[in-house]
Structures are given as C-alpha cells and as structure tokens.
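To start, the structure itself, in structure tokens.
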Ligand SMILES: [Zn+2]
C-alpha cells in the first residue's frame, strides 16, 4: 500500500506514538509534546479536541486503513427514514432500558459490593456488560448532542461502577465472594465472560470518553488491562494462558490502543486471536467459541454466530493495525463463506437455535431462523471494518442489507420491545418459547440475557458515523438519508456535504458539495449492488461509469454549490435463493431498494378466512406496484403483487398421489407486502 506521509501526518503519528504516556499512566513529558504539536500551525488537532475527532472506530493512524472514519458529531441525520428511529432511541429506548437495568438489579450488583445495596447478585455471568453496552449507547448519543440529564445519570452510574474496582485492577460483580476462587481459571475463561465484560466496558468507556472527554471509566478499563490482565496472562513463562471465551476483548483492545497509543494492547489482541495452546480445548469448544486456535487457521464460519462475528471484527481491527496478510486472506475466505452460503436475505446470520450458531452451507431455515439481533449487528460491524480496510463496496452492500432489515427488525417501532431472534416466517399458533424468550413473544422489553436491546441502541446511536469516510484523495459516501456532514479532507480543507432524499423509499439522492476552498478531490459515491440502472449527474451533466456494487469516483475541482444527483433503480425485485437452500425452494423474496419485504397476514384481503400464508402463490409474471402509506407502521412503502389463494386437496390430505393432479381451487388475490423490519408491530399474525 503506497503511502505519502506529509509533515502534518508525520506529526500526527508522532503524537499518537507518544499518547500512551498522555492517556495511560500519566508522564508529564508526553503532555509537553502534545501541547507543542497543538501550538504548531501545521500540527495535528489539539489534545483537547483529539477525543472529539474519532469516529465509530478510530483508524486515523491505522496504516492499513484505506478509509478513515468521520466523527459521529460531524454528521447530522435530518428528518427522514432514520431520524424517527434515532429520536425514538433517545426518547424511549435508552431511558426505558435504563429503567429495566435498574429494575433487574444490574446496578445493584455494583452497589452491593460497595455496601449500598442488600440485593443479591442478579443475572447471568455477563450481566455487567448490560451496563457497559448501555453506557456505550449513551456515549454515542452524547457524541451527537449534549443531553445533560442523561449525562448526569450516566456519570453517576460510572462512578458506582469504578468504585467496585479492586486494588489489583480486577472488576467484575459476579466472580466475588464464594466465586472469587474461580476467577480466570481456564474453565471460567471459557464460559465466564470476564474478558467479554471488560471488552464491553472498554468500548463503552471509549465511546463515553469520545463524547465527553471524561476518562473515569476509561482509566478503570486501563487499570484492569495494565494492572490485572497483562502482568498475569500472556505468553510469558510466568504468565498463565488466556482465551477470550466469547470474542469481544480483541476489538476492544485494538480500540484501546487507538485511544491511548499503547501498542501492547494490539499485541495482546493478536496473542488472543492466535490462541494459547496451553489451554486445553475440546473440538466442540473451538467450533462454538470461535477462538482458542489461530484465527488464520479458520476456513468457515461456524459455532456461535455472535462469537464468530465479534472475532472477525477483532481480526479485522488487528489487520488494520498490522497488515498481516494471513489475516486478510482468512477474513476474505470467511466473508465468501458468509455471502455464498450463510447470509439471510435480511442480512441476519446464525441459522440454528441450538448453540445460536451458524449452520451448514445453505442451511437457512425461515421460521426456525435464529438470526440474533446481536449477530446481524456483528455482521454490520465486521463489514464496516472490511470496508474501512479496502474501500470495496461489496462490504457496504452487506452492511446496508443488515442495517435496513435484520438489525432494524430487532427494535419495535415504539422503541420499547426488542427481538432476540429474527425469524423470516412466523405462525402465531406455533410454540415460540426459547431459552431466552420463555413465553415466546418474539418482541420483549427485557431479556435476562439482554445483550440485544442495548446493542441495537448503540447501533442506532452511532449511525451517523457510518455514512461517510475520507481517504487520501477524497470522500466516500456509503449510506443515503437526509443528512449533513461538516468535516475535513485529509489536506485539511473543510468540506460540507448535504444530502436531500426520500431514500430508501425513493431512489433519488441530491448531494450538495461545498468545500471551504475550491479544490480537486474525488467524491466516491456508492452505487448499491441491488441497483441495476443508475444515473449520476454533476451539476446536471451525466457522468458515465456507474456500476452496481461499486463506488463511482468523481474526480474534479469541486467548488461551492456543486451538486451531485444520483438516481437508483427502485424497481421491485423478486429474488430466488440458490436451489441448495431447500427451505426456499418454491419461494421468492421481495426487495425494493435496500428494503426486504414480507407478507403479514393482517394485510391480506382474506385475513379473516385463511389460516396461513402457505396457501398464497405469487404470479411471477405479475407487476409489483408500490405506494406509501403514511399512517401504517409509522409510514411505510407497501408493495402489491398479483397472486392467488389456493385451496386444494392438499388442505385435507397429508399425502397424495404424485401422479394425480390436485383438484385445486384458485382465487385471484392482490398480495400486500410491508417492510420486513416492521413485522410484529401489531396484533400477532402469520408472517
Ligand atoms: Zn444478543
């Protein structure tokens, strides 16, 4: 990878190499270096501002990042598709989840250790992570706008959390008292989630620091890693073995390096990704945990889907810092396995309920789809990192598919109930009870394993950070919605981009490009893989070369009030799965733009009489029409397509002769489809 290092860049990287002392255990010399740099007009951003300049991940000094992230605060999502979701997230989801966390003793777990609560320990081994993930959602939300009440509440919670840190640096509310002797034993590392909890703590701490500059939680996380973890666990003869158990710590350690500049954290992440042969693991554990052996020896996605996705995130982060080609090769092998064999049309992953796991190739059941919300989020986070490494649109396509569908379905429209599972077919008369959802409601306000709700909240809170990236030669536009970006190019020229659109309902997007100083750079606009025919214009003049599933580079001297007009192909599509997906034989999926559609029985003309959707057939040569219904499901596009409702002898017989045709009664009907993400927001109905 060719890199020209300008003086400004050199100074910036010099600054980061000194950061460990500035942000880790304070050493006065580093502060001096930073203030010298801040006083240098050609220098990097001032140390006061540097925490404000980081994106969802901070790859501004990652040598193998082709793209650089843009801070969440630099992008404002305006009235449109995502603004509703984000307003609800802030007004309902984050506050109601706070109350659920309190009601279910998640803060009592900390307060008890300080003698401030008499409640017993509550929740599973990973309960601390619920607080940390919620804190991360708050951190991302505060990066968009100050929320004094929310800030005050969270500050107080953080103070209670750090008060329970032991002098050794250890911090965990489960492995205390009678369980203290179990800490970090090999079986505990495998199943006890101690490092998973700390991984989420670090991510929450970093997001909160980047929002507020408050490093209280960050310092506690550093103390855990520096004082407790690194001296005792690692490759040394005097250290014990280490295994993630549930991958998460890897990406958190790399982000901690990016925040502090302490390279040791990347090395530890690499060591964990490599696996520690001193820890004896059974083959089933190696499969299920997706860790414990060299990441680069993996050839397929398997085991627990969230573990696998988080491991891939951590491995991509490690690649972004080290450029290890073996990692890039493995990551691409796994990505091909994902997209050729294991990805739902909704962007969900993890087919099997048993072990919340990936299945065999083409094993993609519909009603029995697990599709955990966290796994779809992990999929988006992984593809975001792959996109950052490569600038290739194939990763953005997967990201967008997961975001609009398999992630977006995970939160109810009112923001107060959540899916743990995201099935692709549903019959309300069936038994949907599950270990995490004992009553089988599918959408619940609370789960005792409440990983998904705050994960959805942090995703929607961080969404502005996924819209754009910068590169050496310009800007990449990944996602479309009414929004404004105010940020700067790598040469320091300030740039404002304003998008005006009705995406994803309509395919026209106008981007006003306003550099502070007219200059030549490249606007890379994403042409979605689903858009067959595309028109791109600059100031009214058509530009050729737009290919589906790529970024169209538009290089010119950009001046104030230049305008790009994009027009994507919103023709509704009927998709078939590879015939090897046996569950999808004889089935099709409807997609329009990035949105995958479903039929909910409530919307069908025969809603009163028919019992299920199995009787519906689609006329493949029929025309799909669409119209927007502002009062349905907070406003959705509805598709209508001609079909039939079939009544045949198959309704009354389990088996019948293949040689004799069925006596079938077909009634023509118009099938009505709603966006998949909006299903199960009304009375329970077949989907
Ligand atoms: Zn989850």
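The values are calculated or read from the model by the stated rules, or taken from the named source; none is laboratory data. These numbers come from a predicted model, not from an experiment. Glycine also receives a Cβ, built like all others from the backbone with ideal geometry; neighbour counts cover every protein chain displayed.
Here are the numbers for the structure shown:
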{"quantity": "Some residue of the stretch 410-431 being outside the structural domain of residue 92 (by TED's automatic domain parsing), in contact with a helix residue (DSSP H, G or I) (Cβ under 7 Å, 6 or more places away or on another chain), closer than 22 Å to residue 206 by Cβ and surrounded by 24 or more Cβ atoms within 10 Å (Cβ to Cβ)", "calculated": "no"}
{"quantity": "Residue list for the stretch 93-107, filter: part of a helix (DSSP H, G or I) and surrounded by 21 or more Cβ atoms within 10 Å (Cβ to Cβ)", "calculated": "93, 94, 97, 98, 101"}
{"quantity": "Subset of the stretch 70-92 that is touching a helix residue (DSSP H, G or I) at 6+ places or on another chain (Cβ under 6 Å) and closer than 19 Å to residue 471 by Cα - its residue that is surrounded by the most Cβ atoms within 10 Å (Cβ to Cβ)", "calculated": "72"}
{"quantity": "Condition check for residue 442: under 27 Å from residue 550 (Cα atoms) and either more than 15 Å from the ligand (Cβ to nearest atom) or touching a residue at least 60 places away in the same chain (Cβ under 8 Å) (or both)", "calculated": "no"}
{"quantity": "Candidate set: the stretch 369-425, residues that are within 22 Å of residue 686 (Cα to Cα) and part of a helix (DSSP H, G or I); chosen: the one nearest to the ligand (Cβ to nearest atom)", "calculated": "373"}
{"quantity": "Within the stretch 462-476, considering residues that are farther than 13 Å from residue 403 by Cα and within 18 Å of the chain's Cα centre (by Cα), the one nearest to the ligand (Cβ to nearest atom)", "calculated": "465"}
{"quantity": "Options 569, 606: the member that is at pLDDT below 95, within 25 Å of residue 674 (Cβ to Cβ) and either not in a strand (DSSP E or B) or not assigned by TED's automatic domain parsing to the domain that holds residue 481 (or both)", "calculated": "606"}
{"quantity": "Qualifying residues in the stretch 352-362 (those that are in contact (Cβ under 8 Å) with a residue 24 or more places away in the chain and over 16 Å from residue 589 (Cβ atoms)) - the one farthest from the ligand (Cβ to nearest atom)", "calculated": "361"}
{"quantity": "Where residue 339 falls short, out of the listed (1) out of contact with any strand residue (DSSP E or B) (no Cβ under 6 Å at 6 or more places or on another chain); (2) crowded, with 18+ Cβ neighbours inside 10 Å", "calculated": "(2)"}
